[in-house]
Amino acid sequence: MGSYRASEWAQRRFGDVAENLGPAVAAGIQEAHRLALRAHLGGELSTNDTYGATLQVTQHQQLIAATADVPGVVARKPTGVKGRFPYVVVEDVSVVLLPWRFTNTRATRRVDATMPTPVSHLRKTLFGLGAGAPAVTQLVLEQSTLDDDQLEALLAEEQEISAQLASFGRVVTVAFGSNPTDGLFELGWGDAELISDETGHVHWHSWESLPVAELQAAGLAVPAQAPLRAVDPVGDGSRVGRFDAAPLNDDLGLTARPQPVAAPLSEMQPEVGQAGGEDVQS
């Protein structure tokens, strides 16, 4: 893995642990990619669905495991949050790490990536904290069907969760792009803010790339082109006859040509759940 020297931004966000936290976060995401790639190969599917579904889980598990030995870093999940996994929290500076696979193709730049809509309340809150301020609670279409008591109870619950998240202080997004073929082709962290929950547009206030090990971040090996085989038309060295010298055959010996298997580049986009911490592009 390449050497990492914490930037001024990283030192402000994470304090004394910045130098150790950066490589640990990079190692966690790389291990998550490696495990997802193994699952993809074992599944033997012609699509990337196994890779994406596995990465939804491994990105959280491996980020927690890789940062467990960094001083002052713990894993926490706010009470009432319906997500499956805790978040990595740097206690001394009150910062939460939020993993986000922003794309599964090299064609999408990080600055152009958007969140799938509708954006959950939890994600709106988390990305609001990425800008240093809690997100404002707004009614969504589904809430319009609730009566006053139900709506009041729901909003109270969301505000309680928002208050817990706000007590963490700030959210730093660990963003990466990957797929089985290209591997882990972008990885870094920064301050990201959800600008519009209607379009899912995200603005990056800051960004710092993280080092990756080439071997651990690699994708599938591209098969080498098969060498052309020389054809000896006649074993005894005699001249080749005319192509039309053979007797006629009514069926011409034609057979259906098998369809080539395309590279597994497609991947089903997941539904946006309530967890918010789940990977949105995986």
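The values are calculated or read from the model by the stated rules, or taken from the named source; none is laboratory data. What you see is a predicted model; the values in this text were computed from it and never measured. Every residue, glycine as well, gets a Cβ built from its backbone with ideal geometry; the counts of neighbours run over all protein chains shown.
For the reader, a short list of remarks on this structure follows.
- The set of residues from region 173-207 being surrounded by fewer than 17 Cβ atoms within 10 Å (Cβ to Cβ) and charged (D, E, K, R) comprises just one member, 198.
- Residue 101 vs. criteria modelled with pLDDT of 95 or more, under 19 Å from residue 171 (Cβ atoms) and among the charged types (D, E, K, R): yes
- Listed by first and then second residue, the pairs linking a residue in region 87-114 that is among the basic types (Lys, Arg) to a residue that is in a strand (DSSP E or B), with Cβ atoms under 6 Å apart and 6 or more places separating them unless they lie on different chains, are 101/176; 106/185; 110/102.
Residue-by-condition table, conditions (1) in a helix (DSSP H, G or I); (2) modelled with pLDDT under 95; (3) under 15 Å from the mean Cα position of the chain (by Cα):
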site	(1), (2), (3)
154	yes, yes, no
159	yes, yes, no
166	yes, yes, no
171	no, yes, no
174	no, no, yes
177	no, no, yes
186	no, no, yes
189	no, no, yes
197	no, yes, no
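- Checking residue 53 against (1) under 19 Å from residue 103 (Cβ atoms); (2) in a helix (DSSP H, G or I); (3) in contact with an Asp or Glu (Cβ under 8 Å, 6 or more places away or on another chain), the condition it does not meet: (3)
- Residues (buried (at least 20 other Cβ atoms within 10 Å of the Cβ), in contact with a strand residue (DSSP E or B) (Cβ under 8 Å, 6 or more places away or on another chain) and part of a helix (DSSP H, G or I)) located in region 63-120: 63
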